Amino acid sequence: RQRSKRVIIQDEIDSDEGSTGDEGDPTLLADKRAESYRNAVKVKASTPRIKGQSRCWKILENSTFHEWHAKCPHCGGYHVLSMANLHWPKTKDDNGKDVHDLRATWYQCPDCSAHWDDIDRQRAIMAGRPIARHPNSDVFGFHVGGLYKLMGGKEQFSSMLEEFAFNFVEAKRGG
């Protein structure tokens, strides 16, 4: 808190609201540590929390807002990976409750409707490219969601696609 630093790295900035009491915004207080450096680097990372109230999302919207566009291995089209394109078979049990077959999860290209398995998803990411929404901004920003995960799949899932679907279903159940 009392030292000047050229590089300021802040993680999960949407989680530290109010942690400084009446001292002010903790992200701005951290940025002050780099005030005396003309070549300061300030990194702010976070999982956005509430839409419209997220500190990191507001910062991102005022940046170059780069996104990684994956390249479809079937049609060659580029797009940002989205949970809306993640699908799995759903049926109803005898009581009318949803039954999800998450082991059969696939990702569907929004351009050509091709069904991707996890290898297709990984290849699409590796063949992708960054594209800025606001290329003229003075602040560099980059957004990437969880569907871009390439390593660290959990053993209890047959694929990362199944893991993504499981996490989504559990989050919905939890509200």
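Some points to look at:
- Note on the stretch 52-105: residues that are hydrophobic (A, V, I, L, M, F, W, C), open to solvent by less than 60 Å² (accessible area, probe 1.4 Å) and in a helix (DSSP H, G or I) amount to 4.
- Scan of the stretch 156-175 for residues that are over 18 Å from residue 122 (Cα atoms) and surrounded by fewer than 18 Cβ atoms within 10 Å (Cβ to Cβ), ordered by number: 156, 167, 168, 169, 170, 171, 172, 173, 174, 175
- Unmet criterion (only one of (1) part of a loop (DSSP other than H, G, I, E, B); (2) open to solvent by less than 60 Å² (accessible area, probe 1.4 Å)) for residue 135: (2)
- Extreme residue, least open to solvent (accessible area, probe 1.4 Å), among residues of the stretch 23-42 that are farther than 14 Å from residue 138 by Cα and hydrophobic (A, V, I, L, M, F, W, C): 34
The values are calculated or read from the model by the stated rules, or taken from the named source; none is laboratory data. Quick caveat: nothing in here was measured; it's all calculated off a predicted structure. As a convention, Cβ positions derive from the backbone with ideal geometry for all residues, glycine included, and neighbour counts pool all protein chains shown. Please note that ligands, DNA and RNA were not included when accessible areas were found on the heavy atoms of the full protein model with its side chains. Shrake-Rupley method; radii C 1.70, N 1.55, O 1.52, S 1.80 Å.
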